[in-house]
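**Student:** Take a look at this one; I'll ask things after.
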Amino acid sequence: MTLKEMRSEQDCKVQERYLFTEAIFSAEAMAIWQGECNSRFQNKEKNAAYYRFINWVKAHNEIALFTMYAYADFTIPKKFDSVFDLDNPSDFTITPFSLTQSIYEGWYPVEYVEHGHKHLCIFEFEKQIPQLIQRMHVTKGKFYDVPPQSLRIGLCHSTDFAIIRNRIEYQLSLKQEYGQDWWKFDKDE
């Protein structure tokens, strides 16, 4: 797999430059996906990303998160430092961390994140995993089982966070005022 028509971070509006997730993958879920990856790679060439994922054992400062529809194409490792509640961006934490592994669509280990796709990502925090993340839903099986209204988290760099936060707060106010048709009243798009 290679990055096709790339969408660089520079091509993105600042308010779009964040990953989002609503699920932590438990040790049980990770074992399932490591096994799934291993079986799908039986007749494929294996690279460093494959071996890193297959042999990964969680450290105290690491967490596996399933990110949804990435905002851009970029290589890893990649540094971030902001974690925020997507439905209440005034609830946030600034702490350094890195995206160290990316598993495209949950089964194909790669050295990048691809725009518009989901990835099982391993994040390593310099200190401890923030409480905000630890409040998210934990997936324990093979299938995505996140209940509606679960905590959704954004991950970004602090240099972009103020603009991201302003955009999200604006969208939330439109949703509160106009409901499902909020997007029709969006003056910033």
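The values are calculated or read from the model by the stated rules, or taken from the named source; none is laboratory data. These numbers were taken from a predicted model, which means no experiment stands behind them. Cβ atoms come from the backbone with ideal geometry, glycine included; neighbour counts cover every protein chain shown. Ligands, DNA and RNA are stripped out before the accessible areas are found, and what is left, the full protein with its side chains, is counted by its heavy atoms. Shrake-Rupley method; radii C 1.70, N 1.55, O 1.52, S 1.80 Å.
**Student:** Restricting to segment 77-96, and then to whatever is within 26 Å of Ala31 (Cβ to Cβ) and out of contact with any helix residue (DSSP H, G or I) (no Cβ under 9 Å at 6 or more places or on another chain), can you tell me which residue is surrounded by the fewest Cβ atoms within 10 Å (Cβ to Cβ)?
**Tutor:** Top of the filtered list is Pro77.
**Student:** For segment 151-173, which residues satisfy the criterion of being without any contact (Cβ under 8 Å) to a residue 60 or more places away in the chain and over 14 Å from Asn88 (Cα atoms)?
**Tutor:** Thr159
**Student:** Would you point out the residue of segment 4-18, among those that are modelled with pLDDT of 85 or more, of a type in the set (D, E, K, R) and out of contact with any helix residue (DSSP H, G or I) (no Cβ under 7 Å at 6 or more places or on another chain), that is surrounded by the most Cβ atoms within 10 Å (Cβ to Cβ)?
**Tutor:** It comes out as Arg7.
**Student:** OK, next. Do you know which residues across segment 151-169 are surrounded by 15 or more Cβ atoms within 10 Å (Cβ to Cβ), outside any strand (DSSP E or B) and not β-branched (Val, Ile, Thr)?
**Tutor:** Leu151, Arg152, His157, Asp160, Phe161, Arg165, Arg167
**Student:** Let me ask something additional. Could you check segment 46-61 and list, in sequence order, the residues that are crowded, with 17+ Cβ neighbours inside 10 Å and either basic (Lys, Arg) or within 27 Å of Ser82 (Cα to Cα) (or both)?
**Tutor:** Ala49, Phe53, Trp56
**Student:** Filter segment 31-45 down to the residues that are over 23 Å from the mean Cα position of the chain (by Cα) and open to solvent by less than 70 Å² (accessible area, probe 1.4 Å) and list them by number.
**Tutor:** The answer is Ser39, Phe41.
**Student:** So, in segment 25-80, of the ones that are out of contact with any His (no Cβ under 8 Å at 6 or more places or on another chain) and of a type in the set (Asp, Glu), which residue ends up farthest from Trp107 (Cα to Cα)?
**Tutor:** Glu62
**Student:** Answer yes if at least one residue in segment 55-74 is in contact with a helix residue (DSSP H, G or I) (Cβ under 9 Å, 6 or more places away or on another chain), of a type in the set (Asp, Glu) and modelled with pLDDT of 95 or more, and no otherwise.
**Tutor:** Looking through segment 55-74, none of the residues is in contact with a helix residue (DSSP H, G or I) (Cβ under 9 Å, 6 or more places away or on another chain), of a type in the set (Asp, Glu) and modelled with pLDDT of 95 or more.
Listed here are the residues, each with its yes/no results for (1) among the polar types (S, T, N, Q); (2) farther than 26 Å from Asn47 by Cβ; (3) within 17 Å of the chain's Cα centre (by Cα).
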site	(1), (2), (3)
Glu111	no, no, yes
His115	no, no, yes
Val138	no, yes, yes
Ala162	no, yes, no
Lys187	no, yes, no
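**Student:** On the basis of being of a type outside the set (Val, Ile, Thr), open to solvent by 70 Å² or more (accessible area, probe 1.4 Å) and within 22 Å of Tyr51 (Cβ to Cβ), does Glu105 make the cut?
**Tutor:** no
**Student:** Mind checking whether some residue in segment 175-184 is open to solvent by less than 50 Å² (accessible area, probe 1.4 Å) and among the polar types (S, T, N, Q)?
**Tutor:** No, the conditions are met nowhere in segment 175-184.
**Student:** Go through (1) surrounded by 13 or more Cβ atoms within 10 Å (Cβ to Cβ); (2) free of Cβ contacts under 8 Å to residues at least 60 places away in the same chain for Pro148 and report which single condition fails.
**Tutor:** (1)
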